[in-house]
Amino acid sequence: MNHDAYPDDYIRAILNGVKTIAMVGASPVNVRPSYFAFKYLAQRGYDMIPVNPGQVGKSLLGKPFVASLGDIDRPVDMIDIFRNSSHIAPVVDEALKMTPPPKVIWMQLGARDDAAAATAEAAGLKVVMNRCPKIEYGRLSSEISWMGVNSRTLSSKRAPIPTQGMRLSLNRTSVGGGETAASDRAAKNRNDLA
């Protein structure tokens, strides 16, 4: 798998196929990115499990924190890692010890560990690095366009306004790659300077 560019169908299949997501590094602080992603995914119908040893005894949006992946009492489809890249390998190792193992390891924006990804893929798991499932869900469902963001999704029909617990279709067609003339110029200028 080329972890520098994921096909929309790969991301779409993951987001359509998972139901239970354990978020490692979830925070109850409502200004943290992990809080926003957790809340967004929970509102879209995913069964979210917050994992943070420093928050055990508390809950996040009514879901009790667990200290580690080993403390989860039910099967998990996806591990969403909201940790620094240097902390990813131990999380992947712990995920691979789960019975049954998850189907997906997802590393958030800014997080990448190619060795951990190779270990997970060798065990049969799908891996996504340096992406946010919240952003990808919004982009693929066209929901993000309701906020005035150019999602590069082409349709003559507007996506429905989401409501609590509503899961939007992720089958809207998106322009491949999302390149724009401006991004192409910026990349060329960056390469010319190097």
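A few remarks follow.
- Spacing of the modelled spin labels on Ala13 and Asn84, each 7 Å from Cα toward Cβ, amounts to 3.5 nm.
- For the stretch 78-89, 3J(HN,Hα) computed residue by residue from phi via the Karplus equation (6.51, -1.76, 1.60; θ = phi - 60°) reads 9, 9, 9, 9, 9, 10, 4, 3, 5, 9, 6, 4 Hz, glycine and proline entered as x.
- Per-bin percent of Cα-Cα distances, the stretch 82-124 [5 Å]: 5, 25, 37, 22, 9, 1
- Gain in span if fully extended, Lys39 to Val56, counting 0.36 nm per residue against the direct Cα distance: 4.3 nm
- Cα extents for the stretch 7-118 along the principal axes, largest to smallest and rounded to whole angstrom: 34, 28, 27.
- Rounded, prolate or oblate (a/c below 1.5 giving rounded, otherwise prolate when a/b exceeds b/c) for the stretch 1-65 by Cα gyration tensor: prolate
- Summing +1 for each Lys or Arg and -1 for each Asp or Glu among the other residues whose beta-carbon sits under 13 angstrom from that of Ile49 gives -2.
- Our estimate of slack between Asn2 and Asp47, defined as 0.36 nm per intervening residue step minus the Cα-Cα distance, is 13.3 nm.
- Between Met48 and Ile21, the built amide H atoms are under 5 Å apart, and every one of these is 5 or more places off in sequence or on another chain.
Taken together, the values in this text are just the output of simple stated rules run on the coordinates, not laboratory data. As the structure is a computational prediction, the values presented were derived from the model and not from experiment. Because the Cβ atoms are built from the backbone with ideal geometry, glycine has one as well, and the counts that use them run over all protein chains shown.
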